[in-house]
Every structure is written in C-alpha cells, then in structure tokens.
Amino acid sequence: MIKKGDLKIRLGFIAALVILSIWYIWPLNKNITLGLDLKGGMYVLLKADTSGIPADKKANAMSAAVEKIRNRIDNYGVKEAPIQLQGEESILVQVPGVIDRTIVDSLKEVGKLEFKLVEDDKEKIAAAKEGEVPQGYEVGRFGKATYLLKREPVLVGADLSDSYVGFNSYGGSEPILRFTAEGKKKFAKVTGENTGRILAILLDDNIKSAPRINEEILSGEARIVGKFTPDEALMIVSILNSGALPMPLSVEEERSVGPLLGSDSIQRGIKSILLGAALVVFFVLVYYFLGGIIAVICLLLDLLFILVGLHMLDAALTLPGIAGMILTLGMAVDANVLIFERIREELKAAKPISVAVKNGFNRAKRTIFDANLTTLIAALFLIIIGTGPIKGFAITLSLGIVASIFTAVFISRTIFSLLLDQGFKKFSMLSVVSSSKINFVKLRGGCIALSIIVVGLGVFNFYSQGDDAYGIDFRGGQILEYKITPAVEIEELRKTLEGKGFEGLTIQEFKDIPGGVSIKTSEDLSSELKRTLEDSYDKVDELKVTTVGPAVGKVLRRKAYWAIFLSLAGILIYIGFRFKHFDFAFAAVIALFHDVLISLGILCFAGYEVNLLIITALLTIAGYSINDTIVIYDRIREISPSMRKSSLKEIINTAINLSLIHI
C-alpha cells in the first residue's frame, strides 16, 4: 500500500508533529486562551460621538481616547487589558477575569471637572425660579436642592494635579483633589474671596458636591464631600486622574460574565466534549473494533491540532468555539466511518485486505474532501463577515476541518499501512444494519407535503412574532443575570423592584444555578439594579451582563444574514461546478434550508429567542446537513457510469440505500 521507505518517513513525520504540537501548547492553562464567556470578564464596545470634532483631528482624538481609557482601567489594578479601535468611531475594551460595574460606568464619563460658584443674590435666584435665568448663569440640581450657578467655572480639570481616595471622620470614602502650583493659587484666591458662599464641584455637568467655603484654603487640596461608596469614590478618582475624554462615549455593546458563571461554563463545556467524545468512542470501538481504535487516535489528534491552531492564531476558545469543535470531531469520525464502510464493501467483493484498504481509502477520499470543503467554504465566509460568537464558531470549525482531513486521509492511512506491514490479515466489523431497498423516491410526495406543512408553520410562527422572535443580540436591550443568596421567589423580587421604581422589567428564574434570576430591560439599568439588589438582599453575585444598543443589534442581524447568504452561495457554486449539475447544488441548498428552518420552527414553538448562540446551533445543524448530502451526491456520481441504463430515480434510490450506513 505504501512503500516501506515512505512509511518510515510518514511515521517519523507524524511522531515529530505530535511531539512538537504537545510541546507547543503545553501547559494548556498558559497557552490556550479562554474567551470571556468561559473565564469571565468584560467585553465593552464604546461608540464615540465625534460630531463636534473636525474631520482632520478625529484620528488623533480617537487615539487619545484609547490612552485615557487605558489609564482609567489601570487605576483599578487591571494591567494590559486589550483596548483597540474598531473602525473609525468605535473602541473595543476587553477586561479578562474582572467584572466591575464601576469600570463600565467610568468609561462612559467624559471626565470634565469644573468648580462653579453658587449665586447668593436673592433677586437673581427669584428670577431664575420664575424661569428667567440671568445671563451668564445656569441652573444645577444636587439631591433635592436647586442652585443658580455662574456659568463660567473658577477652576477646571487642567488645574488639577492628581486625586486619590481618602476618608472622612466617619470612615466614609471621599475623593481628595490636589491642585497644580497655579491651581493652588487660584483655589486659595477663590476660597479667600468667597468665604461663606457655596462652591459647586461638577463632573460632566453633574454636581457631585456643594460644600460651603468656611475659610481660605491654602493647602491646595479639596474634598468632594458626599455619601460615596468605595467603588464610587474610586471611579471618580480614576476619571479625574486619566483626564477628560476628547468626546462623549456611549456603550453600544457589552458582554460581561462573572467568575462564577465563567467557571460553570468551563465545566459544562468540558462535560459536553467528554460526554460527546465518550459516546462516539464507545460506538466506534464496539462497531469497528480495530478500526475504532484508529478512529479514536485520529479523534485525539484532531483535538490536539485544533488547540495548536488556536494558539498559532492567538484565538480564544469560546462556548460557540466548543460547538464548532464538537461539530468537527463528529465530522472527523464520519470521515473514518466512510473509509471503514468502503473497506467493508471491498472485503465483501472478496478482495485481499491490502487491496480492500487501498481501494477503500481511494474511494472515500473524494467524498471526504467534498464534504469538508463545502463546510470550509461556509466557515470562511462566517469568519470574514460574522462577528463575536459566530466568528469564534467559524474559526474553530475551520481548524477542525483541516485537521480532520489530514488525520483521516494521511494519518489513518499510515496506521493501516503499518498494520499491513506487520502482517495484519483481518479487519473485523459488526454489521447491525444490512443493506436496505427502500424506495425513497416513491415516498417523496408525502414527505414533501409534510415538510412544507412543518416548515410553513414554523416560518409563520417566527414571522408572526415580529421583533419578539429575536433576542437582544438582534434587536437591542439588556439582560442581567444574578445569583441571589438566599434564593428569592420571582414574585417577591418583582414587587421589590417595582417598589423601587423599576418598571417594564421581564424577570425570569433560571434553574442552572440555585437562586439565579434573569432580568430583561430595554435600557441600561445595570448599575442601578445592582445597587438596589445589594441593598435589598443578603448576597448578590453578578453572573452575566449583556447589553446591545439598537444600532448594533441591527448591524449584527444584517451581518448574520449576509454571512449565511454568502455561505450558501459559496456552497451552491462549489457543488454546481464539482458535480457539474447546478440542479444538484440547488437541491443541496434547499435540503439545508429545510433542516435549518424546521429546527428554527421547533425552537420558536418552544419559546426560544433567536440570538447569536441559536445561530451557532443552527450553523452546526447546517454543517451536518450538507455533509450528509455530499455523501449521497458522491455515491450518485460513482454509480452513475455503471447504471447508465437505469432511470435517475433508480440511481438515486440505490445511492441513498448504499449510503444509509455511512450517514
């Protein structure tokens, strides 16, 4: 089958490749990067409002904003957080291993610091109350009090040297400001000339403190007096020390996962891989004996090479990536099954074992390439156009496809050649499913009618729901997940939040974690809700925060549609040219749509919203669907020359019956 000299070279190459691969990724905890959905952390996409910045200065302003954001995050003890520009007006911030609402809140603040005197002239105050604000003044509110402020500040952020968190006489946290030499002189003059008056301290036009000046202050320090939590004081200090941003920022998208849920996701991901692998290993070992051992070896090497690819590309392993990994492992086993069944056919024809193995690999190789390349085409489009979870799924899927082709065609054949060289004489396999003679074409009428009804009902149900069929990934909004200890009844939680003024919330319980609750809202209420829950219950753990702005939701929906459309177009073109029949290509795409739409309909009837993870699951189904279709098409192409006198119906029936055991 393979010459002895070539066999030794192959074995040496495989051994060296495996050793280098293990060395390259070991230890796994250092070389394989986990996504934020697995290890916890924050993913925040900020949108910059550059409308007030000249076009020739936008690039410099965005670069300055990135550096100021980096400084703010550094103040929280988080070093080397990935921060990068996305397009011309967006900034992506990733904070691995940390979830802190104050960090997100600090990113939204411009950081414009101003000191303004409060007017004490009774006539001007009276005029302002009548709605006639005197020229050069403005109205500001602090708590229940309303102040008439001089519009022109007496000190600004440029007069500040630095700030830090100090403590008042009651042990509470307060931001303490230190002025520059010039700022110190200004502050002494202002306090000396305005003793007895109120000096308002504003941050981004919001009054943070309004102390009365009791005496001239020569120390060059000022306190922002108020009831601040340590986190709130740290946030103010972080904003002030980093300096004002050159433009306002808003959160367009946020995906934060707490350490508790992240560790739970890792455990679930590992369990899903182990369970799926165990079932597959059990089947192939029982059904194919020695062939099953070879398949398991290839399966383990597939997993190894996928991890190597992730490390080489510096790509993170995410939950959707695990789904892509499971799909490719399934396709890898399927490739070995195709080879084994082809060998079985050759052995039934009473051919020697060496000839049977050679022919089995040669005949299965074309099917393996076609099935995997169609899926790879789809995956490449998903990488180019997809975002977030879809791209993570596609990257892992692409790596797995390349690895499975290599192991099935090269490594598996090398192992078989080694066994034959060592005197291997028999290849035993179970045969539970005998050859069938079902007339599938005859049943097409009833099956098509049933499919049309099921697909029609599912599509009608999906579109009748309108935007309600989509999750926040595609329509915008916010989902907050918490663990409340001790667990609280949903109705009690709803009454508590309504009593605090929160309206229009959708509150659900999820049973994956005891005490877990999910709160859905149309606006960003994460910080307010977190504080309210912590004030109302003994212990509150933030598990997950997902925020998607309406504009981003529309972009994600459009990109998902385009990625799927172009993937199907690529499959259509490849199958059309590969099999020289575009009617085959259209049939394959229709079959793929059929499988996906039925699955989508079932999910909608079950009450699931369509989000990025659901799209990932549907893409997994699509991968298996096109793989099985290609297996049958290759069988039709193979048997057509020997059945020239048969009708197309007979050829199709024969191909499907011969392929049943393969799929």
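The values are calculated or read from the model by the stated rules, or taken from the named source; none is laboratory data. Owing to the predicted nature of the structure, the values given are computational and were not obtained by experimental measurement. Please note: Cβ atoms are built from the backbone with ideal geometry, for glycine as well, and neighbour counts cover all protein chains shown. These accessible areas exclude ligands, DNA and RNA; they are computed on the full protein's heavy atoms, side chains included. Shrake-Rupley method; radii C 1.70, N 1.55, O 1.52, S 1.80 Å.
Distances longer than 20 Å among the Cα atoms of the range 61-170: what percent of all pairs is that?
When all Cα pairs of the range 61-170 are counted, 60 percent exceed 20 Å.
So how many Lys-Lys pairs in the range 514-663 land under 23 Å Cα to Cα, not counting same-chain pairs under 8 apart?
Counting lysine pairs in the range 514-663 gives 9.
Using the per-residue mean of other Cβ atoms lying within 10 Å as a proxy for protection, in what order, highest first, do the peptides 29-38, 167-176 fall? Could the numbers behind the result be given before it?
Numbers: 29-38: 18.1, 167-176: 14.3.
The most tightly packed comes first, giving 29-38, 167-176.
Pairing the Cα long axis of helix 181-193 with the longest principal axis of the chain, what angle in degrees results, from 0 to 90 and rounded to the nearest 10?
So the inclination is approximately 40 degrees.
With every protein chain left in place, what is the accessible area of Arg70 in Å² (1.4 Å probe, nearest 10)?
70 Å²
Are there GluC sites (Glu not before Pro) in the range 478-529 that DSSP marks as loop and that have at most 14 other Cβ atoms within 10 Å, and which are they?
Here the sparse-neighbourhood loop sites are Glu489, Glu503, Glu523.
Using alpha-carbon pairs under 8 Å, 6+ residues apart, how would you state the relative contact order of the chain in percent?
The value is 15 percent.
Report the per residue volume, in Å³, of the convex hull enclosing the C-alpha atoms of the range 88-146.
Working: hull volume 9.4 nm³, N = 59.
Spelled out: Cα convex hull of the range 88-146, divided by residues, is 159 Å³.
Sort Arg413, Arg223 by heavy-atom solvent-accessible area, probe 1.4 angstrom, most to least.
Listed by decreasing accessible area, they come as Arg223, Arg413.
Where the centroid of each part is defined by its Cα atoms, how far is the range 340-383 from the range 599-663 in Å?
17 Å
Please report the equivalent ellipsoid semi-axes of the range 549-597, computed as sqrt(5 x eigenvalue) of the Cα gyration tensor, largest first, in whole Å. Provide the component values of the computation, followed by the final result.
Working: eigenvalues 162, 27, 5 Å².
Working through the eigenvalues yields semi-axes of 28, 12, 5 Å.
Counting only Cα atoms, I'd like the Rg/Rh figure for the range 517-663, Kirkwood definition for Rh. Numbers along the way, then the final one.
Details: Rg = 23.4 Å, Rh = 19.3 Å.
For the range 517-663, the value is 1.21.
Over the chain, with the other protein chains present, what is the accessible area per residue in square angstrom, probe 1.4 angstrom?
Per-residue value: 50 Å².
Starting from the exponent 0.38 and prefactor 2.2 Å, build the expected Rg for the range 298-445 from its residue count and divide its actual Cα Rg by it.
Working it through for the range 298-445, the quotient is 1.23.
Need one number: the % of Cα-Cα pairs in the chain sitting beyond the 31 Å mark.
Values: 140596 of 219453 pairs.
For the chain, the share of Cα pairs beyond 31 Å comes to 64 percent.
Can you give the direction-averaged projected area of the convex hull of the alpha-carbon atoms in the range 1-129, in nm²?
Result: a mean projected hull area of 16.5 nm².
So for each of 463-470, 84-91 I average, over its residues, the number of other beta carbons within 10 Å; can you give me the resulting order with the highest mean first?
Per-residue Cβ counts within 10 Å, averaged per peptide and sorted highest first, yield 84-91, 463-470.
Could you let me know the centre-to-centre spacing of the range 501-521 and the range 127-184, using Cα atoms, in angstrom?
Cα centres, the range 501-521 to the range 127-184: 38 Å.
Once you have the Kirkwood Rh of the range 232-373 from its Cα pairs, apply Stokes-Einstein at 10 °C and 1.306 mPa s and quote D in µm²/s.
Values: Rh = 19.2 Å.
The calculation lands on 83 µm²/s.
Sorted by average packing, counted as other Cβ atoms within 10 angstrom per residue and highest first, what order do 447-456, 570-579 take?
570-579, 447-456
With contacts defined as alpha carbon pairs under 8 Å and 6 or more residues apart, what's the relative contact order of the range 440-520 in percent?
Reported as a whole number, the value is 28 percent.
Taking only the Cα atoms of the range 428-502, how large is their convex hull per residue, in Å³?
It is 299 Å³ per residue.
Taking a quarter of the surface of the convex hull around the Cα atoms of the range 87-246, what do you get in nm²?
Directional mean of the projected Cα hull area for the range 87-246 stands at 12.1 nm².
For the range 532-584, which whole-number percentage of the solvent-accessible area (1.4 Å probe, protein heavy atoms only) is attributable to carbon and sulfur atoms? Mind dumping the intermediate values first?
Numbers: 1770 of 2870 Å².
Whole-percent figure for carbon plus sulfur exposure: 62.
Show which lysines lie in cross-link reach of Lys58 when reach means a straight Cα distance below 21 angstrom and same-chain residues fewer than eight apart are skipped.
Lys58 reaches Lys47, Lys68, Lys108, Lys112.
Give or take rounding to whole Å, what are the principal axis extents of the alpha carbon atoms in the range 274-333, in descending order?
38, 19, 16
Let's test the formula: R0 of 51 Å, r as the Cβ-Cβ distance of Lys645 and Glu492. What FRET efficiency results, to the nearest 0.05? Mind showing how you got there, number by number?
Working: r = 76 Å, r/R0 = 1.50.
With a Förster radius of 51 Å, E is 0.10.
May I ask you to list the aspartates and glutamates whose Cα is less than 18 Å away from that of Lys122, ignoring any residue fewer than eight positions away on the same chain?
Output for Lys122: Glu130, Glu132, Glu138.
Calculate, axis by axis, the spread of Cα positions in the range 517-588 along the three principal axes, and write the results as whole Å, longest axis first.
69, 24, 13
When the Debye formula is applied to the Cα atoms of the range 1-75, each taken as the same point scatterer, what base-10 log of I(q)/I(0) results at q = 0.14, 0.16, 0.22 Å⁻¹?
Cα-only, vacuum Debye calculation for the range 1-75: -0.74, -0.83, -1.03.
Report the Cα-based extents of the range 152-310 along its three principal axes, largest first, to the nearest Å.
So the three principal-axis extents are 94, 34, 25 Å.
What are the semi-axes of the equivalent ellipsoid for the range 376-535, taken as the square roots of 5 times the Cα gyration tensor eigenvalues, largest first, in whole Å?
So the three semi-axes of the range 376-535 are 51, 27, 19 Å.
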